[in-house]
1. Any residue at all in the range 189-201 that is at pLDDT 90 or above, part of a loop (DSSP other than H, G, I, E, B), open to solvent by 20 Å² or more (accessible area, probe 1.4 Å) and within 17 Å of residue 246 (Cβ to Cβ)?
2. Within the range 420-446, count every residue that is touching a Cys at 6+ places or on another chain (Cβ under 9 Å) and surrounded by fewer than 17 Cβ atoms within 10 Å (Cβ to Cβ).
3. Determine, yes or no, whether residue 178 is part of a loop (DSSP other than H, G, I, E, B), more than 18 Å from residue 91 (Cα to Cα) and in contact (Cβ under 8 Å) with a residue 12 or more places away in the chain.
4. Looking at 3, 14, 7, can you tell me which residue is at pLDDT 95 or above, within 16 Å of the ligand (Cβ to nearest atom) and polar (S, T, N, Q)?
5. Taking the range 212-230 only, how many residues are open to solvent by 60 Å² or more (accessible area, probe 1.4 Å), assigned to a helix (DSSP H, G or I) and closer than 17 Å to residue 246 by Cβ?
6. For residues in the range 418-448 being assigned to a strand (DSSP E or B) and among the aliphatic types (A, V, I, L, M), which is nearest to residue 389 (Cα to Cα)?
7. Quick check: is even one residue across the range 76-85 touching a Ser or Thr at 6+ places or on another chain (Cβ under 9 Å), hydroxyl-bearing (Ser, Thr, Tyr) and outside any strand (DSSP E or B)?
8. Show the residue pairs that are 6+ apart or on different chains and have beta-carbon atoms under 9 Å apart, the first residue being within the range 401-415 and closer than 13 Å to residue 432 by Cα, the second being assigned to a strand (DSSP E or B) and modelled with pLDDT of 90 or more.
Amino acid sequence: MTTRILTGITTTGTPHLGNYAGAIRPAIVASRAADADSFYFLADYHALIKCDDPARIQRSRLEIAATWLALGLDVNKATFYRQSDIPEIPELCWLLTCVAGKGLLNRAHAYKASVDKNVEQGEDPDAGVTMGLFSYPVLMAADILMFNAHKVPVGRDQIQHVEMARDIGQRFNHLFGNGKELFVLPEAVIEEDVATLPGLDGRKMSKSYDNTIPLFGTAKELKNAIARIVTDSKLPGEAKDPDNSHLFTLYQAFSSAEQQAAFRAELLDGLAWGEAKQRLFELLDGELSEARERYNALISKPADLEDILLAGAAKARKIATPFLGELREAVGLRSFRTQATAATSEKKKASKSARFVSFRDDDGSFRFRLLDAAGEQLLLSKSFADGKSAGQVNKRLQSGEELDVREQDGGFAVWLDGEAVAHSPAFADAAECQAAIARLREALAPQE
Ligand code: TRP
């Protein structure tokens, strides 16, 4: 069995060393595994949500494409494409938009953060919020579900989006699958031991802090950036503490155990910071110089890059085009020629019911949600240490036994054996809360 791994890179910036160590390098390594079937793409439709500078969008797409190829992504093994070359993705996005609960999207972190900020500043809650930003998770769900990805490597800030893709995919399966799993339900993968590189000032390396080291600048630019790394003011000859030096952390991310031990000993022995920076420069230049040459060669031939990406898109569309055809059939966008055979699969009434969605929380614990027919959250369970206990409670709730529902904190909780096992969200007023309790009772009522 191969595992399909898929991830997108939003094309708004130029990759830096932190992107390389944290995302690009592990992704390329993963794509080489014998059982890996990797889909990596430039999320350039997503980029439009954040950036309205066409020149920057275009430049970033080119630079990111060249970066991945220069660093050794094998496009014969992996599938590498631009999101905007796959028209099936926005089409699927619409099909998913029609089943995604607005309430689900109201809870997306990125949208909520904008609203919170507006409210804090006394603005209209949705000031400056585009539909693109609001629907961002649906487009991302389309990216993922289009190719039935099993695993989606992402940063922590994206876990919620992958969960939403799961939710939306599950709902679509439920409504239109006729018992068949149309979509594979994806899982977010967080690389625990991948380096989060510190930037020049010791905070996380990030474009927004302006503390990055360029990946494919000239050797001189690399040297200048390294010269700006902040160190303490210990003089040459004074012992330096490697464990409190982000210069050492940067060195560690690209060196062998022996190199690290030797560098550590030198620092403890009083190596001057200027010398230490020279060591780091040599290490990084050694790591990057060949790829930098390939990068420059690729950037200077954009037409070749275009061909490579179009070939990648053609490969991806071999999967996307027939699959989207199947999905159009499933929702009822069918040719009139096949009218006679299609009449049989009328939707069952049961498909409009509420459903449970299980998931792993950031801390590894097991939880579940109960969503009503419209996709609105009715309950969020407490955290369970293992999937089995979560499953048992889930089962009890569906067993038809009398529900112990208690109102609290503007919402309600469901109690089992003297303990609150699941909570509702808070509601605007008592009427909304009562209506939700009614939907809960209906959802969990024994089926005849
Ligand atoms: N939103 C992701 C980010 O900003 C990029 C992205 C778009 C993505 N579509 C995706 C990641 C699909 C994984 C899967 O990092």
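The values are calculated or read from the model by the stated rules, or taken from the named source; none is laboratory data. Only a predicted model underlies this, so the values are computations on that prediction, with no experimental measurement involved. Reconstructed Cβ throughout: ideal geometry from the backbone, glycine too, with neighbour counts over all protein chains shown. When the accessible area is computed, the model is the full protein with side chains, heavy atoms only, and any ligands, DNA or RNA have been set aside. Shrake-Rupley method; radii C 1.70, N 1.55, O 1.52, S 1.80 Å.
1. yes
2. Residues of the range 420-446 touching a Cys at 6+ places or on another chain (Cβ under 9 Å): 424, 426-427.
Those left that are additionally surrounded by fewer than 17 Cβ atoms within 10 Å (Cβ to Cβ): 426.
Number satisfying all stated conditions: 1.
3. Details: part of a loop (DSSP other than H, G, I, E, B): yes; more than 18 Å from residue 91 (Cα to Cα): yes; in contact (Cβ under 8 Å) with a residue 12 or more places away in the chain: yes.
Judged against the criteria, residue 178 is a match.
4. On the way: 3 fails: at pLDDT 95 or above; 14 fails: at pLDDT 95 or above.
Matching residue, one of 3, 14, 7: 7.
5. Initially, the range 212-230 is screened for residues open to solvent by 60 Å² or more (accessible area, probe 1.4 Å), giving 218, 220-221, 223-224, 227-228, 230.
Right, trim to assigned to a helix (DSSP H, G or I) and you get 220-221, 223-224, 227.
Still in the running and closer than 17 Å to residue 246 by Cβ: 227.
Number of matching residues: 1.
6. Start the filter on the range 418-448 by keeping residues that are assigned to a strand (DSSP E or B), which leaves 419-423.
Next, from what is left, pick out any that are among the aliphatic types (A, V, I, L, M): 420-422.
On the way: 420: 14, 421: 11, 422: 13 Å.
Step by step, filter the range 418-448, then rank; the result is 421.
7. Looking through the range 76-85, none of the residues is touching a Ser or Thr at 6+ places or on another chain (Cβ under 9 Å), hydroxyl-bearing (Ser, Thr, Tyr) and outside any strand (DSSP E or B).
8. Hits for this filter: 407/413; 411/423; 412/379; 412/405; 412/406; 412/423.
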